[in-house]
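What follows is a set of notes on a single structure, which appears directly below.
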Amino acid sequence: LVAQVVAAVGLGAVGSVGFSVVTDLISPRRRGLVMSFWGLSQGVGTLAGTLVAGLLGSVDWRRPFLVLAVVGLAATVAYLFTYDIRRGQSEPELVDALAAGADYDYRISRADLPRILARRTNRWLVLQGLTAQAAFGSLVWLPVLFAERAETQGLSTATAVLVGSVFATLFQLGGVFSIVGGLVGDAVQRRTPRGRGLVAAIGVLAAVPLYLVLFFVPMRIDVPDGASAGAVIAAVLASVVTEPTVGFGLLTAVVALALTSANSPNWFALIADVNPPEHRGTVYSLGNLVNGVGRASGNGLVGVAFPVLQTAFPPPLNYAVGLAAFQLFFVPTGVMYWFAARNSPADIAAVRELLHERAERLE
């Protein structure tokens, strides 16, 4: 527990500072696209972690943590080679002043906190994390659903764990389409300042019925019991073509993840759009804190729900029903994004006016 807390402190610092630096580097016109890569890198890491944990952890649960430690050391070395970005250097209002040698020396203070919370867009962007991450947090149980399905079809526990991890990894490939969500958000934002919020709202709401289909569609898992990890992966990949239900499940999962992945880049970009440079890291950290609470709640509550549901629904149906119920948290998430879209034009205009005034002072 202590090790996890220490690791979380370090990751929290990387996230908030990294977000602030990236937004200073990228102009508003391309923030959605670049933030999609930011989110995609996290999604790829999640996929890799799910797969590695299943392949290595089925024999010894310590092995994935040892791999993670090595990856963490490599990332630490990589940070030593990054360079400083000038704060506000990508803001159109500040470009001329900074090019002339001025220094954007505004820093956040305790007196700024009420102003941050007074921006309505900030409030909606932070609050949506409670419900969105409750739904996303429940998805960590996806490998368990597929593992239970494999066990009911006669596979041993060790093979079923491998099958569940491979299926869960395969079905999360839709997260790659966060790039599309970022591109669409950028394009719509250039037409209307409500664009990013609307894209996120539509994507989140449209994905809900697809998740429900994914959890309940019956799938036949044809994998040799006791086979090696490579043989299990090959068998799962082959089933995408040979078993229509698996292929349909994969298609449903990819589309659902692609729609919800529009959430991430547009959330990042909106935080940058409605806050001056010195506030962005703090707002991101606040949002990340609320996201963590929502994600932990989803992880914990859905784990409690499964045993309760088992009294009425035998496994793996109890897992399907529990996961389906938690995806309904995406509905208030979509509504909050719609409210963020309504308020973002005024907040964006206020930030641009503020930066314009500061640029005049700097010049």
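GNM on the chain, C-alpha springs below 10 Å: top fluctuator among 331, 59, 44?
Sorting by GNM fluctuation, first place goes to 59.
I need the peptides 200-207, 28-35 ranked by packing, meaning the mean over residues of other C-beta atoms within 10 angstrom, with the highest value on top.
With the highest mean Cβ count within 10 Å placed first, the list reads 200-207, 28-35.
Set the Förster distance to 25 Å, then compute FRET efficiency between residue 245 and residue 225 from the Cβ-Cβ distance, nearest 0.05.
0.80
Note down the magnitude of the dipole of the stretch 1-159 about its Cα centre, charges +1 on Lys and Arg C-beta and -1 on Asp and Glu C-beta and zero elsewhere, to the nearest 20 debye.
Computed about the Cα centre, the dipole is about 340 debye.
For the stretch 229-341, what is the convex hull volume of the alpha-carbon atoms per residue, in Å³?
In the stretch 229-341, the Cα convex hull volume per residue is 164 Å³.
Please report the net charge: other residues with Cβ closer than 9 Å to the Cβ of residue 359, K and R +1, D and E -1.
So the environment of residue 359 carries a net charge of -4.
Please list, by residue number, everything in the stretch 1-36 whose backbone N is under 16 Å from a paramagnetic label point 7 Å out along Cα→Cβ of residue 140.
1-9, 11-12
How far apart, in nanometres, would the label points at residue 312 and residue 152 be if each is projected 7 angstrom from Cα along the Cα-to-Cβ direction?
A separation of 1.7 nm, rounded to one decimal place.
Taking 0.36 nm per residue of separation and subtracting the Cα-Cα distance, what length does fully extending residue 4 through residue 27 add?
4.7 nm
What ranking, highest mean first, results for peptides 305-314, 290-299, 344-353 when packing means the other Cβ atoms within 10 Å averaged over each residue?
Ranked by mean Cβ neighbours within 10 Å, highest first: 290-299, 344-353, 305-314.
Since every read-out is calculated from the coordinates, none of them should be taken as a lab result. Worth saying up front: this structure is predicted, and the values here are computed from it rather than measured. Don't worry about glycine lacking a Cβ; one is built from the backbone with ideal geometry, like all the others, and counts go over all protein chains shown.
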